[in-house]
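Report on the following structure.
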Amino acid sequence: MSILTPWGYSLPDADEIPGMMTLTEFNAMTAEKYLDDTRVEPDIKAATAAIRNFCGWHVCPSQACQLNTTLYDKAVTISDRVLLIQLPATFVSAIESIQIGEETIDGTFVLMPNGVLRVFGLAWSRLTLWTPVVVNYTAGLPEGTAEDVMAVLADRVTHALASSEGVQSETAGGVSVTYNAEWANGAKATALADDTKEVLSHYRLRGVF
């Protein structure tokens, strides 16, 4: 059981990429205003894909991941006889194993805050550009820590639902929101506004090489 993600790494313990938000969670966040709206589920999936594609990885929930590549990959480089591997994630909570060719790396590595693995002490004479590199790691925001991402996702969906009906303002309880007419009329669940991208920028993957 394993699935290759669109961002170049696998989820070895999954047969599909898990969603960011369930219908139950969405309905709870929106006071069940769209409880019977059949557009919600496809819009959640569309907005989730847009957020993940912008960030360049699955973001949440926390998942077992595997990067399976070679030394030829642009995500791998060598500097001062140190192997640098850019993991496709910004929230890596554990490194389970590192395999470079036939060599298992045990303790001779450092994980940097930017998701770069620094691997030391390799037998360089045995390596070629096509030497396999396999890293098993855990990455993603754990449950209960992705409130801002969930809020962005719910906002994208509700905005899309409202704009498809030509709604330019809404009131829920004591909160009133007025949409810019041009933006409201053209919004889709996949449309990420600048303020949305600003929130998501904290989770966006940026290669350092």
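The values are calculated or read from the model by the stated rules, or taken from the named source; none is laboratory data. This structure is a prediction, so every number in the text was calculated from the model and none was measured. Methodologically, a virtual Cβ is constructed for each residue, glycine included, from the backbone with ideal geometry; neighbour enumeration extends over all protein chains shown. Side chains are part of the model used for accessible areas, which takes the heavy atoms of the whole protein and leaves out ligands, DNA and RNA. Shrake-Rupley method; radii C 1.70, N 1.55, O 1.52, S 1.80 Å.
Kindly report the accessible area of the stretch 42-164 per residue (heavy atoms of protein chains, probe 1.4 Å, no ligands, DNA or RNA), in Å².
Values: 5580 Å² over 123 residues.
With the other protein chains kept in place, the stretch 42-164 gives 45 Å² per residue.
Modelled label-to-label distance, K74 and T145, 7 Å Cα→beta-carbon offset: nm?
Result for the modelled spin labels: 3.0 nm.
Percent of accessible area on the stretch 39-158 owned by carbon and sulfur, 1.4 Å probe?
The C+S portion of the solvent-accessible surface of the stretch 39-158 is 54 percent.
What is the sum of charges, Lys and Arg at +1 and Asp and Glu at -1, for the other residues whose Cβ falls under 12 Å from the Cβ of T131?
-2
Mind checking which lysines have their C-alpha under 22 Å from K33, skipping anything on the same chain fewer than 8 residues away?
Filter leaves K45, K188.
FRET efficiency for D194 and M112, Cβ-Cβ distance as r, R0 = 35 Å, nearest 0.05? Walk me through the numbers before you get to the answer.
Working: r = 29 Å, r/R0 = 0.83.
For R0 = 35 Å, the calculated efficiency reads 0.75.
Work out the P(r) tail for the chain: percent of alpha carbon pairs separated by more than 32 Å, whole number.
Tail of P(r) above 32 Å: 30 percent of Cα pairs.
Report, ordered by chain and residue number, the lysines lying within cross-link reach of K74, taken as a straight Cα distance under 27 Å and ignoring same-chain residues fewer than 8 apart.
Leaving aside lysines fewer than 8 places away in the same chain, those within reach of K74 are K197.
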